[in-house]
Amino acid sequence: MVSCLSFPSVFCKQIVRAMMPGGRDDEVMMSVKVSKREVVAAFLPVQEHWLPLSNLDLLLPPLDVGVVFCYAAPAMANNNYDDKMKPRLLRTFGSMVGALKVSLAQVLVTYYAFAGEMVVNSAGEPELLCNNSGVDFVEASADIQLRHLNLYNPDESLEGKLVPSKKRGVLAVQATELKCGGMVVACKFDHRIADAYSANMFLASWAEMCRSSSISIFPSFRRSLLYPQHRSTSSHHLNLGLDDLYVPLSKLPAPPPECPVTNEGARPADHLKSRIYHVPADQLSQLQLVASSNGCKRTKLESFSSFLWKMVAKSDAFDSAHDRPASADVKMRTSKMGIVVDGRTRLPGDMSSYFGNVLSIPFGEKSVSKLAEKSLSWIADGVHEMLSTAATREHFLGLIDWVEAHRPKPNLARVYCKETGDGPALVVSSGQRLPLADIDFGWGRPVFGSYHFPWGGDCGYVMPMPSPLGNGDWIVYMHLAERQLHFIESEAAHVFRPLTFHYLSHEGI
């Protein structure tokens, strides 16, 4: 059902800048008005029960992940019937929002985890209470046209404006009407409940339910698929190198103090910013060619990640503030890069519809100077070797056992843990499975879609996704230090091109 809480109608304005088509510096002021807040619960009663988090879920800290989809205004019909002589429905924002809420209530019957609440159990661990408390649903309007949204800078145009803040539960949704008749549908969800694979499953099912009142993929919450095989610490874990990849939070040193500017030569603490680029298909092919120049063919993800790691290291090895090479101490620092590996195809049993986190983050660590100076194929060899160690059944089974041996202490991937003297770190997570064509709620596929993850830590986060143009280009969300972004845009402008609607070039936007 769709239940309305006693929230007052809120008028809130967020003034942001928006980039004109083609990337010009013109500014368009945008105000966002929230007109209604509701709670959408499952259409049918859900038996209240507890759903424990799996050992792989427990590796995730309490972080929220955003995802956003932009839709052009529905095309005006020339007549009242379609090709099959069925009456056409006139699409207004009100009718589309109504369809979104009704279908969300229906799909939550199956995806009941998203209507629950995260609580702490007697052992001090997070656990999901499936009580159908519902999903916060926000309706809003923005006095800006879709083509004027500054997608290149989502910190200004999306975060807290078109992407909702999650204040309760595990999922929040916002639908925003644009001045041109287009719409933005955005969600924010608790990462401890779902990885991108699971979220994609939910989003595609929600859209399918909205179009046809049924779904074809049903999620599996069988935690027994990820039960540990060995419940005690053993040398098996050490042989897999898991102590090098993960660490109990209790063993982490105190965070280093922030680095203020104390003299001319000191660097201020870098603030991480979010940017979205498009990477042309021919540049991806060229990177793959260069990364494979030693005779071993590397994947596009390996090649792209290696190039990005090299650029981040070079930005650290060069003091851009003074246009000179960085000091010897900086060059001796090490840089880490992790790549997220999905374990669904590596674990036994049918994991194709499993809902939850099935991830591991192996990482490599090399000196900044070597990354800056060595060839791309040399870096790609190391990235390939690093991924090979984690893309196995033994690795994921061992990781499940490793978490069990450390429970109930919380643990974290080491790549996220920055110690004093460490150089830059980043994580690359492939979003190539983002099913843009399937996120059609009945008024057309999105002209743009992206994950949005300004998580607030010191480690950078990068997600390459398919271009909605379907031409082999990538859309790349990057959350990196501002200094690194400036360096990359200067040194690799042919690869990383700021995303604008001029690139998307859809008619009617």
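A short reminder: the numbers here are calculations on the coordinates, not readings from a lab. Note that this is a predicted model, so its numbers are computed, not measured. FYI the Cβ positions are ideal-geometry reconstructions off the backbone, even for glycines, and counts take in every protein chain you see.
At a 10 angstrom cut-off on C-beta neighbours, averaged per residue, how do the peptides 399-410, 178-189 rank from highest to lowest?
Values: 399-410: 18.8, 178-189: 22.0.
Going by the mean number of other Cβ atoms within 10 Å, highest first, we get 178-189, 399-410.
Can you give the charge dipole size of segment 30-180 about its Cα centre, rounded to the nearest 20 debye, using +1 on the beta carbon of Lys and Arg and -1 on the beta carbon of Asp and Glu? The partial results should precede the final answer.
Values: 14 positive and 16 negative charges, 152 e Å.
Magnitude of the dipole: close to 740 debye.
How would you rank 303-313, 113-123, highest first, on the average number of other Cβ atoms within 10 Å across their residues?
On the way: 303-313: 26.2, 113-123: 16.6.
Descending packing order for the listed peptides: 303-313, 113-123.
May I ask for the net charge around Val476, where only other residues with Cβ less than 10 Å from the Cβ of Val476 are counted and Lys, Arg are +1 while Asp, Glu are -1?
Working: positive: Arg275, Arg497; negative: Asp473.
Within the 10 Å Cβ shell, the charges total +1.
If you add up the charges near Tyr197, with Lys and Arg at +1 and Asp and Glu at -1, over every other residue whose beta carbon is less than 12 angstrom from its beta carbon, what do you get? Don't jump to the answer; show the numbers that get you there.
Details: positive: Arg344, Arg433; negative: Asp195, Asp342.
With Lys, Arg at +1 and Asp, Glu at -1, the net is 0.
Using only Cα atoms, locate the centre of segment 130-168 and the centre of segment 442-509, then give the distance between them in Å, rounded to an integer.
So the separation of the two Cα centres works out to 18 Å.
How much net charge surrounds Glu385 when only other residues with a Cβ under 13 Å from its Cβ are counted (Lys, Arg +1; Asp, Glu -1)?
-1
What ranking, highest mean first, results for peptides 97-108, 366-377 when packing means the other Cβ atoms within 10 Å averaged over each residue? Present the calculation step by step, with values, prior to reporting the outcome.
On the way: 97-108: 20.8, 366-377: 18.7.
Ranking, from highest mean packing down: 97-108, 366-377.
Work out the length of the dipole vector of segment 88-154 about its Cα centre, built from +1 on the beta-carbon of each Lys and Arg and -1 on the beta-carbon of each Asp and Glu, and round it to the nearest 20 debye. Could the numbers behind the result be given before it?
Details: 4 positive and 6 negative charges, 114 e Å.
Value, rounded to 20: 540 debye.
Which three extents, in whole angstrom, do the alpha-carbon atoms of segment 469-509 cover along their principal axes, largest first?
Dimensions of segment 469-509 along the principal axes of its Cα atoms: 36, 20, 16 Å.
Rounded, prolate or oblate: which one fits segment 171-231, using the alpha carbon gyration tensor with axes a ≥ b ≥ c (rounded when a/c is under 1.5, else prolate when a/b beats b/c, else oblate)? Mind dumping the intermediate values first?
On the way: a/c = 4.80, a/b = 1.99, b/c = 2.41.
Oblate is the answer for segment 171-231, as a/c is 1.5 or above yet b/c matches or exceeds a/b.
List the lysines whose alpha-carbon lies under 23 Å from that of Lys101, not counting same-chain residues fewer than 8 positions away?
By straight Cα distance, Lys101 reaches Lys33, Lys36, Lys161, Lys166, Lys167, Lys179, Lys188.
At a temperature of 37 °C and a viscosity of 0.692 mPa s, determine how fast segment 276-420 diffuses translationally according to Stokes-Einstein, using the Kirkwood radius over alpha-carbon pairs as Rh; express D in µm²/s, rounded to the nearest whole number. Walk me through the numbers before you get to the answer.
Details: Rh = 17.3 Å.
Here the translational diffusion coefficient equals 190 µm²/s.
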